[in-house]
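Below you'll find the structure, written out as structure tokens, and then a few comments.
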Amino acid sequence: MNLTCKQALQMLEEAKGKAENDNWIYHSICVGNSAGKIAEALNLDVSKAKTLGYLHDIGKLVGNFQNHVMNGYYYLKELGYDDEICNICLTHSYLNNDCMCTAGGIPRNIPFRTEFIKNHEYTIYEKIINLCDLMCTRNVNTIDKRLIDIIKRRGAYENTQYHVKETYKLKAYFDELLGYNLYDLFPEIKEHL
């Protein structure tokens, strides 16, 4: 079953007040809207990019925030959504097909997740969501500001430097695809410096 960006946004609206806090909802809206801008600039499906961005953290609705990757994947699977929609819950936190390339610490080993990430071929949409997740709080920011926010809240770990380097490589990948600095799509970044 597929899902429109309008339906995904409605899911977020209905989730307000039902989890630990609503910060993840505002973050997800920012990720979806930012992903839509990037998709539009690359002549991709804007609705698909927004939908995936809106739903990437949906696992925070149905359980412990630390397990949101798996919770979201299984939640959307149970609702009968297409693999592409469910997979965004798994892929959004990990760069380079590597569960160690993540923010906020060393993940515990979950064999299904580890194998999925290792063997999955990331789509351009998943890469866009990876990047937008690393640019957005309630507002879109530079990756510098967002990474500092994550490190301040979660701490630095042995994989932090690796993750930071790969985040900058991901931004450079999109700069090259666009032919200009990705931040040019987001003039509002200057308001949040």
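The values are calculated or read from the model by the stated rules, or taken from the named source; none is laboratory data. Because the structure is a prediction, the values reported are computed rather than measured. Counting neighbours? That spans all protein chains shown, and the Cβs are built from the backbone with ideal geometry, glycine included. Note: areas computed on protein heavy atoms with side chains; ligands, DNA, RNA excluded. Shrake-Rupley method; radii C 1.70, N 1.55, O 1.52, S 1.80 Å.
Values as computed for the structure displayed
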quantity: Glu13 more than 21 Å from Tyr81 (Cβ to Cβ), among the acidic types (Asp, Glu), outside any loop (DSSP other than H, G, I, E, B) and modelled with pLDDT of 95 or more; calculated: no
quantity: Subset of segment 53-75 that is open to solvent by less than 20 Å² (accessible area, probe 1.4 Å) and small (Gly, Ala, Ser) - its residue that is nearest to Ala19 (Cα to Cα); calculated: Gly59
quantity: Helices (runs of 4 or more DSSP H) completely within segment 121-193 that count 3 or more residues being more than 16 Å from Lys37 (Cβ to Cβ); calculated: 143-154, 160-178
quantity: Hits in segment 17-45 - residues which are under 18 Å from the mean Cα position of the chain (by Cα), acidic (Asp, Glu) and either surrounded by 20 or more Cβ atoms within 10 Å (Cβ to Cβ) or over 18 Å from Lys171 (Cα atoms) (or both); calculated: Asp22, Asp45
quantity: Out of Asn21, Asn43, Asn2, sole residue that is at positive phi and not in a helix (DSSP H, G or I); calculated: Asn43
quantity: Long-range neighbours under 8 Å by Cβ, at least six apart or interchain, first residue crowded, with 16+ Cβ neighbours inside 10 Å within segment 93-106, second among the β-branched types (Val, Ile, Thr) and assigned to a loop (DSSP other than H, G, I, E, B); calculated: Ser93/Thr102; Tyr94/Thr102; Leu95/Thr102; Met100/Ile106
quantity: Of the criteria (1) within 22 Å of Leu177 (Cα to Cα); (2) among the β-branched types (Val, Ile, Thr); (3) modelled with pLDDT under 95, which one Ile110 fails; calculated: (1)
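Per-residue answers, yes or no, for (1) at pLDDT 95 or above; (2) basic (Lys, Arg); (3) under 22 Å from His163 (Cα atoms):
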{"site": "Val46", "(1), (2), (3)": "yes, no, no"}
{"site": "His56", "(1), (2), (3)": "yes, no, yes"}
{"site": "Asn64", "(1), (2), (3)": "no, no, no"}
{"site": "Lys77", "(1), (2), (3)": "yes, yes, no"}
{"site": "Ile88", "(1), (2), (3)": "yes, no, yes"}
{"site": "His92", "(1), (2), (3)": "yes, no, yes"}
{"site": "Cys99", "(1), (2), (3)": "no, no, yes"}
